[in-house]
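**Q** First, the structure itself, so that you have it in front of you.
The values are calculated or read from the model by the stated rules, or taken from the named source; none is laboratory data. Note that the structure is predicted; figures quoted are calculated from it, not measured. No Cβ is skipped: glycine too gets one built from the backbone with ideal geometry, and neighbour counts run over all protein chains shown.
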Amino acid sequence: MRRLLVTGGAGFIGSNFVHMVLEEHPDCFVLNLDQLTYAGNLENLDGVMAHPKHVFVRGDICDLPFVEKLFDEHAIDSVVHFAAESHVDRSITGPKVFIDTNVAGTLALLQAASARDTTRFVQVSTDEVYGSLGDEGRFTETTPLAPNSPYSASKASADHLVRAFGHTWGLPYNITRCSNNYGPYQFPEKLIPLMINNARQDKALPVYGDGLHVRDWLFVYDHCTAIWKVLTDAKSGEVYNVGGCNEMANIDVVKMLLHHLGKPESLINYVKDRPGHDRRYAIDAGKTMRDLGWKPSVTFEEGLKQTIDWYIANQAWLDHIVSGDYQSYYDSMYADR
């Protein structure tokens with residue numbers, strides 16, 4: 001049985017990965033480590049908290065002795081590392097926490113993993129480490145790193161650390177770099193859930209600049225299946241780009257969303273662009289498809305409809321985020337322990 005440490009497993013992508021693994025891979029034990037900062041939410045794990053092959057632990061990945069104890073107590077043999085501060089706007093106003101979590105936290109995990117018989121360390125990174133593209137071309141795994149925000153700089157730094165531990169200490173590793181994820185359980189500071197939440201209340205939908213910033217959109221379930229393929233089938237030391245093959249301008253995403261919700265485009269409100277806003281990202285996921293036999297399972301239109309339907313069906317979850325009530329969920333669950 002694979003004994004897997006998932007960091008950030010109460011966050012957006014991490015919780016989706018935990019659900020996928022427990023539902024589809026019964027031969028895997030999951031130790032779920034999350035500090036439950038503002039973007040971590042135990043409600044994301046409803047349905048699996050009591051699963052016999054899932055253990056949740058609240059803790060800080062920067063605490064090396066604590067992390068080492070978890071490795072030893074649970075006989076961890078593999079790591080999928082999601083835990084990160086990830087919101088670009090927050091990195092501009094307060095960059096230090098991004099260095100603390102994304103760089104120092106990754107270092108602690110690498111130190112613990114490299115000192116043990118870890119069979120694979122998967123670093124879940126982002127296409128933002130590549131910087132901004134012009135109107136043509138796509139990021140490949142050999143594109144030079146050129147991060148343009150404190151967030152992407154911290155993720156690029158973590159990627160370099162992972163590679164260094166592989167080269168210097170022989171730690172088996174892979175790095176995945178994904179495009180913009182969307183889907184269930186995404187914190188509503190990000191574009192799609194923010195727009196869904198505002199539109200359902202007939203509030204203005206803030207769109208940066210001219211709205212023509214282009215991103216490749218990846219349904220979160222498809223991202224999770226790609227990560228599993230990397231964890232189980234990839235050659236150590238390889239980098240894999242994961243994209244949804246859905247390159248769209250932000251304004252087109254917003255208009256499509258409004259159409260699905262039956263809301264007017266008059267709700268769109270163009271606002272001042274953020275500093276250093278990268279104009280275009282686009283992923284070439286050909287290597288992942290060729291080498292690992294992976295491909296996206298849904299089109300963007302299908303994935304967006306599933307996402308909108310999920311948020312409409314789970315309005316209580318969204319309301320708990322907006323009100324802040326979700327932050328008391330951990331204490332209520334563990335009050336009698």
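**Q** Checking the structure you have, find out if any residue of region 93-101 is surrounded by fewer than 22 Cβ atoms within 10 Å (Cβ to Cβ), among the basic types (Lys, Arg) and free of Cβ contacts under 8 Å to residues at least 12 places away in the same chain.
**A** Yes, because at least one residue in region 93-101 is surrounded by fewer than 22 Cβ atoms within 10 Å (Cβ to Cβ), among the basic types (Lys, Arg) and free of Cβ contacts under 8 Å to residues at least 12 places away in the same chain.
Residue by residue, here is whether (1) of a type in the set (S, T, N, Q); (2) part of a loop (DSSP other than H, G, I, E, B); (3) closer than 17 Å to Pro150 by Cβ holds:
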{"residue": "Glu43", "(1), (2), (3)": "no, no, no"}
{"residue": "Phe66", "(1), (2), (3)": "no, no, no"}
{"residue": "Asp72", "(1), (2), (3)": "no, no, no"}
{"residue": "Ala75", "(1), (2), (3)": "no, yes, no"}
{"residue": "Ser86", "(1), (2), (3)": "yes, yes, yes"}
{"residue": "Phe98", "(1), (2), (3)": "no, no, yes"}
{"residue": "Ala104", "(1), (2), (3)": "no, no, yes"}
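**Q** Quickly run through region 187-214 and pick out the residues that are at pLDDT below 95, in a loop (DSSP other than H, G, I, E, B) and not charged (D, E, K, R).
**A** Phe187, Pro188, Gln201, Gly209, Gly211, Leu212, His213
**Q** A further question follows. Does region 110-123 include one or more residues that are free of Cβ contacts under 8 Å to residues at least 60 places away in the same chain, surrounded by 16 or more Cβ atoms within 10 Å (Cβ to Cβ) and over 30 Å from Lys69 (Cα atoms)?
**A** There is no residue in region 110-123 that is free of Cβ contacts under 8 Å to residues at least 60 places away in the same chain, surrounded by 16 or more Cβ atoms within 10 Å (Cβ to Cβ) and over 30 Å from Lys69 (Cα atoms).
**Q** Right, Val88: within 19 Å of Ile13 (Cα to Cα), surrounded by fewer than 24 Cβ atoms within 10 Å (Cβ to Cβ), touching a residue at least 60 places away in the same chain (Cβ under 8 Å) and among the aliphatic types (A, V, I, L, M) or not?
**A** yes
**Q** On to the next question. Scan region 31-52 for residues that are under 15 Å from Phe17 (Cα atoms), hydrophobic (A, V, I, L, M, F, W, C) and surrounded by fewer than 17 Cβ atoms within 10 Å (Cβ to Cβ) and report the count.
**A** 1
**Q** Same structure, new question: Return the only residue of Asn250, Asn246 being touching a Gly at 6+ places or on another chain (Cβ under 6 Å), in contact (Cβ under 8 Å) with a residue 24 or more places away in the chain and not basic (Lys, Arg).
**A** None of the others qualify; the one that does is Asn250.
**Q** Can you name every residue in region 41-85 that is among the aliphatic types (A, V, I, L, M) and either within 15 Å of Gly14 (Cα to Cα) or under 17 Å from the mean Cα position of the chain (by Cα) (or both)?
**A** Listed by number, the residues that qualify are Leu42, Leu45, Val48, Met49, Val55, Val57, Ile61, Val79, Val80, Ala83, Ala84.
**Q** Quick check on Tyr151: is it in contact (Cβ under 8 Å) with a residue 24 or more places away in the chain and under 16 Å from the mean Cα position of the chain (by Cα)?
**A** yes
**Q** Here's something else I'd like to know. Pick from Arg116, Arg90: which is among the basic types (Lys, Arg) and out of contact with any Phe, Trp or Tyr (no Cβ under 6 Å at 6 or more places or on another chain)?
**A** None of the other options fit; the residue is Arg90.
**Q** Follow-up question, since we're still on this one. Limited to region 28-41, what total is found for residues that are in a loop (DSSP other than H, G, I, E, B) and either in contact with a strand residue (DSSP E or B) (Cβ under 6 Å, 6 or more places away or on another chain) or of a type in the set (Val, Ile, Thr) (or both)?
**A** 3
**Q** Return only the number of the condition from (1) at pLDDT 95 or above; (2) hydrophobic (A, V, I, L, M, F, W, C); (3) touching a Phe, Trp or Tyr at 6+ places or on another chain (Cβ under 6 Å); (4) over 27 Å from Arg116 (Cα atoms) that Leu45 does not satisfy.
**A** (3)
**Q** Also, quick follow-up: Can you confirm whether region 194-214 contains a residue that is in contact with a Gly (Cβ under 7 Å, 6 or more places away or on another chain), crowded, with 16+ Cβ neighbours inside 10 Å and not aromatic (Phe, Trp, Tyr)?
**A** So far as region 194-214 goes, no, none of its residues is in contact with a Gly (Cβ under 7 Å, 6 or more places away or on another chain), crowded, with 16+ Cβ neighbours inside 10 Å and not aromatic (Phe, Trp, Tyr).
**Q** Of all residues in region 262-306 being out of contact with any strand residue (DSSP E or B) (no Cβ under 9 Å at 6 or more places or on another chain), small (Gly, Ala, Ser) and in a loop (DSSP other than H, G, I, E, B), which is surrounded by the most Cβ atoms within 10 Å (Cβ to Cβ)?
**A** Ranking the candidates gives Gly276 first.
**Q** Taking region 200-224 only, how many residues are of a type in the set (Ser, Thr, Tyr) and within 16 Å of Asp252 (Cα to Cα)?
**A** 1
**Q** Follow-up question, since we're still on this one. With respect to Ser132, is the statement that it is part of a loop (DSSP other than H, G, I, E, B) and surrounded by fewer than 22 Cβ atoms within 10 Å (Cβ to Cβ) true?
**A** Spelling it out, Ser132 is indeed part of a loop (DSSP other than H, G, I, E, B) and surrounded by fewer than 22 Cβ atoms within 10 Å (Cβ to Cβ).
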